[in-house]
Amino acid sequence: MIARRDLLRAGVAFGALGVLGIAGGLPGLALAADPVNVITTDMPFAVGSRSTRLFETKVERSKPKGVVLFSAGYGSAPDSYARLQAVLAIEGFVVLATLSVDSPAYPDTASFNRAQVFIERIADMKALSAYAARRYPGLPVLAVGHSFGTLIALCQAGGLARAADPTVKAVLGFSSPGKIPGLVNANSYEGVTVPTLIVTGTDDTVPQFATDPADHLFPIESSPAGGKYALVIAGADHRLAHDQGVGFDRALPLVKLFVEADGLGDTGAARRLAGWQAAAGDRFIVRER
């Protein structure tokens with residue numbers, strides 16, 4: 001478990017992470033024969049002593065094949081990622097997310113300091129996992145995140161010495177935050193043994209925080225080898241996963257293959273994933289050994 005003093009030392013870093021969640025978004029995409037619906041309700045499972053909102057995205061009239069537990073960037077909200085969530089829904093997933101306490105839209109956001117945000121984010125994911133087990137029992141579970149949300153998704157898979165959610169089969173992350181002093185170190189991802197794909201870009205930097213785009217590859221480089229992938233898209237920046245992000249379309253073929261192969265267990269997709277080639281100028285990294 002992470003000591004409270006480590007969380008407090010990381011407070012300054014979390015302040016920098018405030019720019020890693022970019023508010024705003026576009027309407028949901030009409031990409032399927034049946035519309036993609038986003039249902040927003042009160043979270044039926046209490047998150048500690050508080051309540052929050054549940055976002056549930058799925059294709060209408062289609063039975064889901066799997067579940068995504070989604071975590072937005074710091075200071076952002078699920079509705080900034082309508083495009084990504086629509087793609088996952090069309091692939092057969094129901095996408096579950098909460099309104100986190102660090103979002104400006106959260107009614108009581110001022111009551112939570114930066115160290116508390118990390119703890120509450122983990123609590124959000126536990127509540128989502130419990131909801132998924134009750135509402136969609138037996139379906140494979142994929143943890144997905146952007147930026148700070150990618151860190152949370154990696155924690156669900158055993159990162160930062162957290163107790164892994166045993167239902168999580170794979171992690172899809174956009175722009176992981178890399179190393180965070182006092183929180184993420186060389187051994188932080190040694191517990192992440194499930195298949196993992198990190199998508200980032202050559203211009204994926206955050207002033208005063210992540211000045212080297214290569215930092216976003218740290219979870220792939222430092223976790224145990226085997227089923228670890230990364231895609232670096234030329235010209236893509238930190239908005240990659242957002243609705244207005246540049247380069248997302250070039251990531252789609254790989255994202256689809258990964259979630260089909262390692263999220264849904266499609267053996268044909270797994271074969272195609274092994275031989276996938278990135279577009280000219282982009283870089284596909286495979287770490288099997």
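The values are calculated or read from the model by the stated rules, or taken from the named source; none is laboratory data. The shown structure was predicted, so the numbers you read here are calculated from the model rather than taken from an experiment. Positions of Cβ are backbone-derived with ideal geometry, glycine not excepted, and every protein chain shown enters the neighbour counts. For accessibility, only protein heavy atoms count, side chains too; no ligands or nucleic acids. Shrake-Rupley method; radii C 1.70, N 1.55, O 1.52, S 1.80 Å.
Roughly how big is the chain's charge dipole about its Cα centre, with Cβ charges of +1 (Lys, Arg) and -1 (Asp, Glu), in debye to the nearest 20? Write down the numbers at each step before the final one.
On the way: 27 positive and 26 negative charges, 124 e Å.
About 600 debye.
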*Counting only the heavy atoms of the protein chains, how much of THR109 is accessible to a 1.4 Å probe, in Å² to the nearest 10?*
40
*Show GLU56, GLU288 ordered by accessible area, largest first, where the area counts protein heavy atoms only and the probe is 1.4 Å.*
GLU288, GLU56
*asked:* Taking amide H atoms as placed 1.01 Å from N in the peptide plane, list the residues 5 or more away in sequence, or in a different chain, whose amide H sits under 5 Å from that of ALA236.
replied: THR202, ASP203
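Express the Stokes-Einstein translational diffusion coefficient of the range 60-129 in µm² s⁻¹, to the nearest whole number, given a Kirkwood radius over alpha-carbon pairs, 37 °C and a viscosity of 0.692 mPa s. Don't skip to the end; give the middle numbers.
Values: Rh = 13.0 Å.
It comes out at roughly 253 µm²/s.
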*What residue among VAL171, THR205, ALA186 has its Cα farthest toward the positive end of the dipole of the range 131-289, where the charges are +1 on Lys, Arg and -1 on Asp, Glu, each on the Cβ?*
VAL171
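Provide the per residue accessible area, probe 1.4 Å, for the chain, rounded to a whole number of square angstrom.
Numbers: 11850 Å² over 289 residues.
Per-residue accessible area for the chain comes out at 41 Å².
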_Pair-distance profile P(r), taking every C-alpha pair of the chain, with 5 angstrom steps and integer %_ = 1, 6, 13, 19, 21, 19, 13, 6, 2, 0, 0
*asked:* Report for the chain the percent antiparallel among DSSP-assigned beta bridges with both residues inside it, nearest 5.
replied: 40
_Quick query: amide H of GLY73 versus all other amide H atoms, modeled in the peptide plane; which residues come in under 5 Å with a sequence gap of 5 or more or a different chain?_
HIS146, GLY149
*asked:* For a quick check: with amide H placed at 1.01 Å from N, whose amide H comes under 5 Å from THR98's, ignoring anything fewer than 5 positions away on the same chain?
replied: PHE55
*What list of ³J(HN,Hα) values in whole Hz, one per residue of the range 251-257 in order, does the Karplus curve 6.51 cos²θ - 1.76 cosθ + 1.60 (θ = phi - 60°) give from phi, with Gly and Pro shown as x?*
7, 4, x, 6, 4, 5, 4
_HN-Hα J in Hz across the range 104-120 - Karplus 6.51, -1.76, 1.60, θ = phi - 60°, x for Gly and Pro_ = x, 7, 6, x, 10, 4, 5, 7, 10, 7, 5, 5, 5, 4, 4, 4, 5
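Quickly estimate the mean residue ellipticity at 222 nm for the chain, helices only: each DSSP H run with n ≥ 4 gives -39500 (n - 2.57), and the total goes over all residues, rounded to 500.
Working: 8 runs with 77 residues, N = 289.
Estimated from H runs of four or more residues: -7500 deg cm²/dmol.
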_Gained length - ILE39 relative to ALA133, 0.36 nm times residue gap less alpha-carbon distance_ = 32.0 nm
*Contact order normalised by residue count of the chain, Cα under 8 Å, 6+ apart, percent*: 17
_Given LYS58/LYS179; LYS65/LYS126; LYS65/LYS179, the pairs whose alpha carbons are separated by over 32 Å_ = LYS58/LYS179; LYS65/LYS179
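For the range 192-271, what ratio Rg/Rh do Cα atoms give with a Kirkwood hydrodynamic radius? All intermediate terms of the calculation are to be shown ahead of the outcome.
Values: Rg = 13.4 Å, Rh = 13.4 Å.
Using only Cα positions, Rg/Rh for the range 192-271 is 1.00.
If the chain between ARG61 and ALA279 were fully stretched, how many nm would it gain, using 0.36 nm times the residue separation less the Cα-Cα distance? Walk me through the intermediate numbers first.
On the way: separation 218, 0.36 × 218 = 78.48 nm, distance 3.47 nm.
My answer for the length gained is 75.0 nm.
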*Label-zone membership for the range 137-164, site THR193, 7 angstrom Cα→C-beta point, backbone N under 20 Å*: 140-143, 153-164
_Bins of 5 Å, starting at 0 and running to the largest distance - Cα pair percent for the range 146-247_ = 3, 14, 26, 26, 16, 10, 3, 0
*Sketch the reach of a paramagnetic label on ASP108 as a point 7 Å from Cα along Cα-to-Cβ, and name the residues of the range 77-99 whose backbone nitrogen lies under 18 Å away.*
98-99
